[in-house]
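Encoded as structure tokens, the structure appears first; notes follow it.
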Amino acid sequence: MLPVLFSIGPYEFYTYGLTLAIAFIVGILIVTREASREGLDEDAVFNLSLLAIISALIGARLGFVVQNLKHYLANPKEILMVGEGGLTLYGGLFLAILVSWLYARRKALPFWKIANLTAPVIALGSAIARVGCFLNGCCYGREALPPWGVSFDGGLPVYPVQLWESGLCLLLFFGLWKYRKKARDGQLFLMYLAGYSLIRFVIEFWRWGEPIFLSLTLAQWVSLGILAVAAVFLRKKINHDISQSA
């Protein structure tokens, strides 16, 4: 794999960090362009996007550190080494949603309309970032039999679940992007939550991880919870829209 893209003297530039940067830049460009199309203040949406990205990085790193608390208590200097990998999408998503909602409320911005704009972008960003995971050799799958597995640093062959998830997130992006002009405020974002949760729940069966209850991993239980909540709110929103148009 290719965890280090290149080095300049003592400084190393990580592939994972590059893919994250690409995902964020592409996401901001798409969201601000779509904001203009929807008649929203581009500067306000741009500022919210930056705030959401910072919050997502902090939340994602905190989530990973908590999951591996014993290791980081023994190696506290590694907590800030985000470029080497070690982020949890759900941790980043939760904090980014909370901070974005608070910011939108304070600035009187239409939160659910903006959430719809970001939904396809988050799916696309996940697809790009998972390629970085594969090149970095993190978030790997369970042991696999040839020819289905790949080896990282000469280790046992494992399922390339990073690329599987990347491909599925790309399909989710195209589906959300195609439907974006028809979706009501908030609907597209709830569809993203439901779609990604389903993808993650299925992928976890082939991804390395320790089950915590009923042979399911923590990520699978979180996925089920988000899927259930998203489905309930999506149904309520659809029923509300139907009653309003009747």
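Distances between placed amide hydrogens fall under 5 Å for Arg207 paired with Arg142, all partners being 5 or more residues away or on another chain.
For segment 126-246, how big is the tail of P(r) above 19 Å, as a whole percent of Cα pairs? For segment 126-246, the fraction of Cα-Cα distances above 19 Å is 56 percent. Residues considered: Val121, Val65, Val232. Largest GNM mean-square fluctuation over the chain, using C-alpha springs under 10 Å, is found at Val232.
May I have the convex hull volume per residue, in Å³, for the Cα set of segment 13-96? Could the numbers behind the result be given before it?
Numbers: hull volume 7.4 nm³, N = 84.
Roughly 88 Å³ of hull volume per residue.
A Stokes-Einstein calculation at 37 °C with viscosity 0.692 mPa s, built on the Kirkwood radius of the chain over Cα pairs, returns a diffusion coefficient of 172 µm²/s.
Please build a GNM for the chain, connecting alpha carbons under 10 Å apart, and tell me which residue among Arg37, Arg184, Arg142 fluctuates the most. With Cα springs under 10 Å in the chain, the top fluctuation among Arg37, Arg184, Arg142 is at Arg37.
Need the full-extension length gain, Leu80 to Ile212, defined as separation in residues times 0.36 nm minus the C-alpha distance. One decimal, nm.
Numbers: separation 132, 0.36 × 132 = 47.52 nm, distance 2.75 nm.
This chain segment gains 44.8 nm when fully extended.
Largest first, the extents of the alpha carbon coordinates of segment 71-169 on the three principal axes equal 54, 36, 17 Å.
Taking a straight Cα-Cα cut-off under 26 Å and skipping sequence neighbours fewer than 8 places away in the same chain, the lysines within cross-link reach of Lys236 are Lys113, Lys178, Lys181, Lys182.
Taking other residues whose beta carbon is less than 15 angstrom from the beta carbon of Val158, and scoring Lys, Arg as +1 and Asp, Glu as -1, yields -1. Within the listed set Ile128, Ile58, Ile212, the residue fluctuating most in the Gaussian network model of the chain (springs between alpha-carbon atoms under 10 angstrom) is Ile212.
Only the coordinates and a few stated rules stand behind these numbers; no lab work does. Owing to the predicted nature of the structure, the values given are computational and were not obtained by experimental measurement. Ideal geometry is used to build each Cβ from the backbone, glycine not excepted, and the neighbour counts take in all protein chains shown.
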